[in-house]
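Peer 1: My questions will all concern the structure given below.
The values are calculated or read from the model by the stated rules, or taken from the named source; none is laboratory data. This structure is a prediction, so every number in the text was calculated from the model and none was measured. Here the Cβ positions follow ideal geometry from the backbone for every residue, glycine too, while neighbour counts run over all protein chains shown.
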Amino acid sequence: MSQPEPDSAILFAARLLYLTSLAVWSYILNRPVRGHRLQIGHFSWSSAYAVRYEAVLYDKSYSFTFTSSAVSWRFHIPRADNPRWLTVTLYDVIYTSSTGDVSTTSLESVFWFFPVFFRFTAGPWMNVTIDGLRIRVQKSTATPYWIQRLRENLVGTFLTGEFLRADVFRTSVRFAGLSEHQEDKPKGYTDPRSKLSPEVPDGAVAESETGPQSSDDNEPCGCCAPNGKLGSNGHATYAHQEEADALACADEYKTQPLRPYDDDELRFSVLARTVHINNTEGRIYTFGRIDAQMRRNWVEDRGSFAMVAEECRWVRVHFPFERVAPRAWYTQLLSSILHFPIDLVRTFNYPVTSMNLCVTRVDVTFDSFRLRDAELFRQGVALVREKAITSNIDWSDLFFDALLDAFGTRPAHPMQVDRCRKQKAES
């Protein structure tokens with residue numbers, strides 16, 4: 001199950017301190033303490049190696065394991081041009097839990113010293129840079145809490161935010177014909193991973209399936225003739241294998257007639273390039289590349305979701321009134337000091353609001369995904385309902401009239417009925 005949302009910042013802070021104390025005691029005693037165990041292979045003043053932390057939470061209904069090959073921290077003297085005071089870097093992070101898995105190549109966190117006063121950021125106290133983020137969720141019905149909040153924020157921004165730039169934005173929907181069949185392969189295509197492809201011993205030259213050819217009439221075509229090269233898996237690669245692969249993907253955006261043996265499937269794809277969005281709450285989302293796809297197979301009763309995004313940034317920016325009338329340094333300092341407790345509470349309730357986030361590449365995969373759990377569908381329906389209410393549109397009348405129009409059974413308007421009666425009386 002997903003983790004419940006914390007009731008308040010004070011309770012969250014108390015629970016965090018309690019869990020931290022359990023982890024410290026487990027490291028000192030070198031044994032589990034109430035389901036928590038922290039292990040460190042090597043420890044120094046500036047780094048820790050082979051870090052492993054295991055814990056069981058929420059009455060043993062949720063368990064996770066955190067591992068990192070190395071954790072380093074460096075303290076700095078804040079300067080006006082670079083007001084950082086701490087840098088924490090994690091390498092080869094793997095987080096496995098009962099609901100999903102997360103892994104990163106590296107994660108760097110830079111903590112700032114009064115960044116608003118030094119006009120270095122628009123409010124966040126830290127910058128987080130993640131290289132190679134991979135998220136795998138087992139079931140959409142048990143999505144982890146922080147992934148759910150991030151997904152709600154992202155989808156809400158796409159639906160209600162202001163698009164500042166979008167070089168390419170395309171969606172596509174395809175029904176049936178998604179599963180690969182043998183007759184879909186182009187002539188001469190051989191999958192290198194297939195067991196049916198000819199294996200070639202080391203140092204030998206691949207031959208065609210019919211053996212060596214001696215006559216020009218029996219010489220195989222270019223698509224079927226091996227080029228004598230061996231792949232990493234020990235199979236021969238064909239001369240025009242790339243052309244065959246391109247031909248297999250040529251019908252990606254073409255409508256094909258349905259066949260009797262096609263499965264009952266649905267695929268919804270989204271492709272975007274260089275997208276900048278303002279969520280109207282002081283945040284700018286930028287994406288260099290987005291490729292997302294949701295699939296549903298009703299024959300096998302399964303669904304999945306996958307998304308790949310590159311050059312993703314989530315940056316806090318100044319509001320328009322802050323850019324028009326900048327405050328003096330003493331007012332800025334006083335505001336930073338007075339807002340520190342508020343920022344602290346906001347950090348406990350929703351930590352992402354106090355950071356600028358940069359992800360070089362993120363891969364998200366849902367092994368089991370239901371259409372009803374799609375955040376785009378849920379927020380889209382809620383947005384349409386809200387617009388209908390504000391526009392005084394009765395949903396029941398709207399769908400009922402549409403159904404009558406579709407079947408041609410809508411009753412005539414009373415004025416039309418009176419007009420027909422008059423015409424009949426005059427005749």
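Peer 1: Which of the following residues is hydrophobic (A, V, I, L, M, F, W, C), over 30 Å from HIS339 (Cα atoms) and without any contact (Cβ under 8 Å) to a residue 12 or more places away in the chain: PHE66, PHE43? I'd like the intermediate steps shown before the answer.
Peer 2: Values: PHE66 fails: without any contact (Cβ under 8 Å) to a residue 12 or more places away in the chain.
Within the list PHE66, PHE43, the selection yields PHE43.
Peer 1: With modelled with pLDDT of 90 or more, under 25 Å from THR347 (Cβ atoms) and of a type in the set (D, E, K, R) as the only criterion, which of ARG84, ARG37 stands out? Talk me through it step by step, then tell me what you get.
Peer 2: On the way: ARG37 fails: under 25 Å from THR347 (Cβ atoms).
Of ARG84, ARG37, the one residue that is modelled with pLDDT of 90 or more, under 25 Å from THR347 (Cβ atoms) and of a type in the set (D, E, K, R) is ARG84.
Peer 1: With VAL168, VAL93 as the choices, which residue is assigned by TED's automatic domain parsing to the domain that holds HIS339, in a strand (DSSP E or B) and surrounded by 14 or more Cβ atoms within 10 Å (Cβ to Cβ)?
Peer 2: On the way: VAL168 fails: surrounded by 14 or more Cβ atoms within 10 Å (Cβ to Cβ).
Checking each option against the conditions leaves just VAL93.
Peer 1: A further question follows. State which residue pairs qualify: first residue under 30 Å from PHE120 (Cβ atoms) and inside the stretch 299-317, second residue not in a strand (DSSP E or B) in any location, beta carbons under 7 Å apart, and separation of 6 or more residues or different chains.
Peer 2: These pairs meet every condition: ARG316/THR121; ARG316/ALA122; ARG316/GLY123; ARG316/PRO124; ARG316/GLY282; VAL317/ALA122; VAL317/GLY282.
Peer 1: Restricting attention to the stretch 130-162, which residues are in a strand (DSSP E or B) and farther than 28 Å from LYS387 by Cα? Working first, answer last.
Peer 2: Step one: list which residues in the stretch 130-162 are in a strand (DSSP E or B), which gives 130-131, 133-139, 162.
Hits for the stretch 130-162 are ILE130, ASP131, LEU133, ARG134, ILE135, ARG136, VAL137, GLN138, LYS139.
Peer 1: So, in the stretch 52-78, of the ones that are modelled with pLDDT of 90 or more and among the charged types (D, E, K, R), which residue ends up surrounded by the most Cβ atoms within 10 Å (Cβ to Cβ)?
Peer 2: Out of the qualifying residues, it is GLU54.
Peer 1: Another one. Only one of ALA292, ALA328, ALA309 is of a type in the set (Gly, Ala, Ser) and loosely packed, with under 15 Cβ neighbours inside 10 Å. Can you tell me which?
Peer 2: Numbers: ALA292 fails: loosely packed, with under 15 Cβ neighbours inside 10 Å; ALA309 fails: loosely packed, with under 15 Cβ neighbours inside 10 Å.
The unique qualifying residue is ALA328.
Peer 1: For the stretch 328-357, name all the residues that are of a type in the set (Ser, Thr, Tyr) and modelled with pLDDT under 75. Even if it seems obvious, please write down each step before you answer.
Peer 2: Filtering the stretch 328-357 for residues of a type in the set (Ser, Thr, Tyr) gives 330-331, 335-336, 347, 350, 353-354.
The answer is TYR350, and nothing else.
Peer 1: Here's another thing I want to ask about it. Checking VAL102 against (1) over 18 Å from ASP131 (Cα atoms); (2) in a strand (DSSP E or B), only one condition comes out false. Which one?
Peer 2: (1)
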